[in-house]
Amino acid sequence: MKLRTVFQAWRRRRDDASRALAREPAADGSGLEDIRRLETELELEAQLHQAVEALNRSERIFRAAFEHAPLGLAIHDGTPGARLLGVNEAYCRIVGAARDELIGTEAGHLTAGDDPHGGFEQIRLTARELGGRLSLVRRHLRSDGKPLDLRVHVSLLEGAPDAADVSAVSVVQDVTELLETRDALAVSETRATLAIENAQIGLWDWDIELDSVFYSDRMLEILGASHANFTQAADWLARLHPDDVEAYQRAQTAHFERRSEHYDCELRVRHADGHYKWVSDRGKVVRWNDAGKPLRIIGTLMDIDTRKRADQALRESEARFRGIFETTRRFIAVLDPDGRHVAVNPVAHAFTGLSAGETRSLYLWEGHWWLDDSDRARVRDGVRRAACGEYVQFEIGQRAADGRIMSTDMSMWPLRGESGEVVRIFAEAHDITSLKDTQAALEDSQRFFRASFENTPVGFAIVVGEGVIVDANNAMCELLRYEKADLIGRSFRQITVHDDPTRPLSAMPDRVKSGNGRAVIEKRYTRGDGVVIQVRSHLVVTAYDAEDQPSEAFLMVEDITERVQRDAALYEAQELAQVTLTSLAEGVIRTDLNGAVTLCNVAAAKLMGMEIADIVDKPIASVLRLLEIGTARALPCPAVSVLASGEPVRIDDFVGLQARGRQRRVVTISCSPLHAMDGKILGTVTVLQDAEKVHALTEALATQAMQEELTGLLNRRGFMRRLEQAVGGAGRHDETLCLLYVDLDRFKVVNDACGHDAGDRLLAEVAHLLRQHARLADTVSRLGGDEFVLLLHDVDEEQALAVANRIVTALNAYRFVHDGRLFVPGASVGLASVLAGTASAAACLAWADAACRAAKREGRDRVCVYRPDAASIVDARLTTGWSYRIQEGLENGYFKLFLQKIVSADGEIFGYEALARFVDSSGEPVGPHMFLSAAKRFDLMTRIDQMIFNQALPLLYGLRVKHRGTPCPYLSVNLGARSIADPLFRNWLIERLSDNLDVAAMLWIEITELEEINWTEEELAFVAMVRSYGVRIYLDDFGTGYNSFDVLKRIAVDGIKIDRSVTSDIVSGPISQALVKAAVSISADMAIDLVAEGIENHATLQFLRRLGVSKFQGYFFHRPEPAAHAIRGGRQGAARTPSVEASPASVARM
């Protein structure tokens, strides 16, 4: 602008000089000089003109840039107030004022009063110190009064000639929103930091590109880790629970692929102490690369272990409540505070006869089951009180849907919400009709007791504490010669003779405790008239205190003075005579106090192989030499032990008696002390019984239990014992064993074409053939049917395969001849090696069985070696997979109860035995011969037993209803060793019996698998507890095991069942006949029941009747049928009367 002004002035001056020269040229020639100077100036003018044009172009560009710049621009003069010389449109828009309002205005007039910076002069000074430039944020006021935060960049223009010149340029940017956002972000970050710290949340920052992770102290505290060993993502992954790794990777991948806004996952992480805890892990990618891959993710970790475990506990609590709600026998309803039904359990639905829809929203007092309006009013008042927070309980009558009226105990209590208000009412009622009846009966019983107590001729008294009399009848007062008033409050100890051994207080508790609350004591009393009498006191404890000590007892006293005096004179003679007379049939030896023999009868001398004279006066230990059978180890003389302890000794097992010379006899022995009248030991009496025959019979029974009668081979039980011993020894002795499982291919052809006798002969001949191919060290067994197995010792697989091939060749070459017909039975053989460390004997047998099945599938008449991964083996194992079918049957209710009647010889029904059958969707029942072995092998018997009892108990109610007014048949259920040994099953059955006490007496339990029961204290207590509920206990399969008789000595039973294996050959088998005779004798002597099962023909029935059996079970009377059919068709005397035309014994047994 100045340059243009100078140029214009110079041009005017040049024009003026040219015109003056033209009018008056100079005389001295100076005019030419002026002309040349003007020409020079013209050249300069041309250059100056070009400069002016360039300046104009620059000014236009500057003006355009100034006006259209997006930032506010202002030009200030050099005055102290820095007045505005020019502003652009952006500046006007920012400060909210027009251009003409701003031009000439001082910069300070636009600044807010709280601006921290001074006037513009101070800013100009600061800018000079910084080299002419300064950037700062100033607080401005718009024209409408709104404050603004402006970032101002000031540039000074030095060398301005005066104040009116341009001295500075300001570039202005509105940063109000930016600063507000930054402040808000700072506040938000502060709040987030406080929230995270207060919420105990851990932070993590994962730089994916560098594979480095920052973990906050709180996160490391949650994990129990430190910064030193927790720096990479792999450290985190290593701590994840194996089951949660996949979920973690799936959630992370979904976020990394932008399919989810956040990464969010609940995981289990291993703490430093080794346990896993639940955490909530959440994060978000904050930086991506150009290819869309995540570079950095930040997240938080929250400890939710307590919440997760609380949730689990809540779910379990809800499940327990639902279980109680659904299964309890009490009526339960959940009401809203107004008394409307919200939920009702199944028992209540059955009682009212209403569905869930019909009861919903029905007020409790509106139900039809209340007896009258007064009861409804009581219920309504109870609901009101419960809604106010009160616990309510009262007795009230109710009418069931079937019309029965019962007394119930009604309870209501409030359920409160989190704020303490009542949100629900829990109402419960249970039937106390029986209790009320019992109370009435108790009152009648008490009246009867009082009448009997007062009028009986026997002395009765009620005592408390230390024998203090609180009540006594007239007979007691007469016996003791006291008035009742004098007797009440007196202690029996006060009237007991001082030197009586029962007088001390310590004498009574021990006797009562040993007698389970009962004691019978003979003692001496001093009557009221001073006479000493001998009495017998019968004491029964009727109450105990908090310390389980007797607090009340009932005492019956009888005067035995005359009898004691009479018996004392005869006591020693009777004692000697009784012992001697009762022992005459056995060997009897009496000793004195020093152990010398004083008496020996002929039977004892005969057993000992000595003369009586050589025995008497000798120490009994020198003439009575006992040995342990089997080891020949010397046993101590029992008489010596009796003399030392004063307690009788009975050796339950058979013992050997060393007779004179080298002869030995098998005997049983017992020895008892012989007492004088004052209790002192006079000597001993030893009784010897000749047990040769019984021992031989017992050994035969033991052999029979382990040996298969038809072939003479070991049976399944014997073989499994032998195999278990071999498998256990293989690991200790590094021995290789092999199993050969032999299954005849065409046995059924012979059995069906020629009959069972021919089939039995074929099996015996095959057994003989197999023995020929086995060494003495090997074991040959018949498992059942046409299945045999060989256990080969100390052979490798190649050697065993050679034996197996020889067996197949031999059986293919073997010809069975019957009635002129030839048969080739053939065989398939499965081979399995038994190596050290094999899981179990059952597993080894299953392998060989599977290989045999595979051989049959491959065409029979061949050997197949067990290979776990072979297709044929896998297929064979699948076909024998009864374990899966059993589990499916248990889940889908395929197991059904079939019943078989237990009757008299004339067909009168005494009861039914419950038998399990597998009935799947095909509808065909399958007997236990198909699934029982698998059930035992895979430990499924307990679940099957539970299923049987669950079906049997409801049947008892049906039987009771059907036979109301007539004797009701019982229902017998089998119970095996595995269930008896299972504490959970024992507790479950006791609970089920306690819930069904009214029909428990109709239930009989047959204990099976006696050989497998250990009879621990817990198992014995369980059987006793079951009997206490009225359930009768039977021993099943009696006669098949060697310990059947031993079990009779260990538990109290109500009956025994003779096994079908005994009755099947009763007509021709002498051992079976002896067993049945023994069972009949035991039944009579012990007063227990006896049932013979497996009766399939008339001859068997008649033979058993002649032996004394009166209860029977078998196909001859009744084939098992579905429970509903059996009960519907069965009634007392409804079983068909047996006849000669009954089904033959060849019917397949189940």
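The values are calculated or read from the model by the stated rules, or taken from the named source; none is laboratory data. Given the structure is predicted, the values throughout are model-derived calculations rather than measurements. Cβ: placed from backbone, ideal geometry, glycine included. Neighbour counts: every protein chain shown.
Structure notes:
Yes or no, residue by residue, for (1) modelled with pLDDT of 90 or more; (2) within 30 Å of residue 476 (Cβ to Cβ):
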site	(1), (2)
554	no, yes
559	no, yes
566	no, yes
585	no, no
592	yes, no
599	no, no
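- Among (1) within 18 Å of residue 746 (Cβ to Cβ); (2) in a strand (DSSP E or B) - the single one residue 792 does not satisfy: (1)
- Any hit, segment 1057-1078, residues being over 19 Å from residue 906 (Cβ atoms) and assigned to a strand (DSSP E or B): yes
- Wholly within segment 73-154, helices (runs of 4 or more DSSP H) carrying at least 2 residues that are closer than 24 Å to residue 180 by Cα: 89-95
- With a requirement of 1 or more residues that are touching a residue at least 60 places away in the same chain (Cβ under 8 Å), the helices (runs of 4 or more DSSP H) lying completely within segment 590-660 that satisfy it span 602-608, 620-623.
- Residues of segment 919-944 that turn out to be surrounded by 20 or more Cβ atoms within 10 Å (Cβ to Cβ) and closer than 28 Å to residue 1111 by Cα, as a count: 1
- Where helices (runs of 4 or more DSSP H) fall wholly inside segment 920-1023, the ranges with 1 or more residues that are in contact (Cβ under 8 Å) with a residue 60 or more places away in the chain are 928-937, 941-962, 983-995.
- Among the residues of segment 323-343, those that are within 20 Å of residue 432 (Cα to Cα), in a loop (DSSP other than H, G, I, E, B) and touching a residue at least 60 places away in the same chain (Cβ under 8 Å) comprise 329, 330.
- In segment 344-360, the count of residues that are among the β-branched types (Val, Ile, Thr), in the same structural domain as residue 264 (by TED's automatic domain parsing) and assigned to a strand (DSSP E or B) is zero.
- Residue pairs meeting the criteria (Cβ under 7 Å; at least 6 apart or on separate chains; first surrounded by fewer than 19 Cβ atoms within 10 Å (Cβ to Cβ) and modelled with pLDDT of 90 or more, in segment 267-285; second of a type in the set (Asp, Glu) and in a strand (DSSP E or B)): 280/266; 282/264
- Condition broken by residue 369, with the remaining ones in (1) over 39 Å from the mean Cα position of the chain (by Cα); (2) within 20 Å of residue 344 (Cβ to Cβ); (3) loosely packed, with under 14 Cβ neighbours inside 10 Å satisfied: (3)
- Failed criterion for residue 773 (all others in (1) within 21 Å of residue 812 (Cβ to Cβ); (2) crowded, with 21+ Cβ neighbours inside 10 Å hold): (2)
- Residue within segment 321-329 that is among the small types (Gly, Ala, Ser) and either in contact with a Lys or Arg (Cβ under 6 Å, 6 or more places away or on another chain) or buried (at least 16 other Cβ atoms within 10 Å of the Cβ) (or both) present: no
- Only one entry in 696, 632 is under 51 Å from the mean Cα position of the chain (by Cα), assigned by TED's automatic domain parsing to the domain that holds residue 604 and modelled with pLDDT under 85, namely 632.
- Test: residue in segment 541-556 that is surrounded by 12 or more Cβ atoms within 10 Å (Cβ to Cβ), touching a helix residue (DSSP H, G or I) at 6+ places or on another chain (Cβ under 7 Å) and assigned to a strand (DSSP E or B): yes
- Those residues of segment 774-786 which are at pLDDT 90 or above and either closer than 11 Å to residue 743 by Cα or part of a strand (DSSP E or B) (or both), in sequence order: 779, 780, 781, 782
- Residue count, segment 290-302 (criterion: surrounded by fewer than 14 Cβ atoms within 10 Å (Cβ to Cβ) and at pLDDT 90 or above): 1
- Yes/no for residue 213 being assigned by TED's automatic domain parsing to the domain that holds residue 293, at pLDDT below 90 and assigned to a strand (DSSP E or B): yes
- Applying a threshold of 7 Å to beta carbon distances and a minimum spacing of six or more residues, or different chains, the list of pairs starting in segment 743-760 at a residue that is over 11 Å from residue 825 (Cβ atoms) and ending at one that is assigned to a helix (DSSP H, G or I) reads 758/750.
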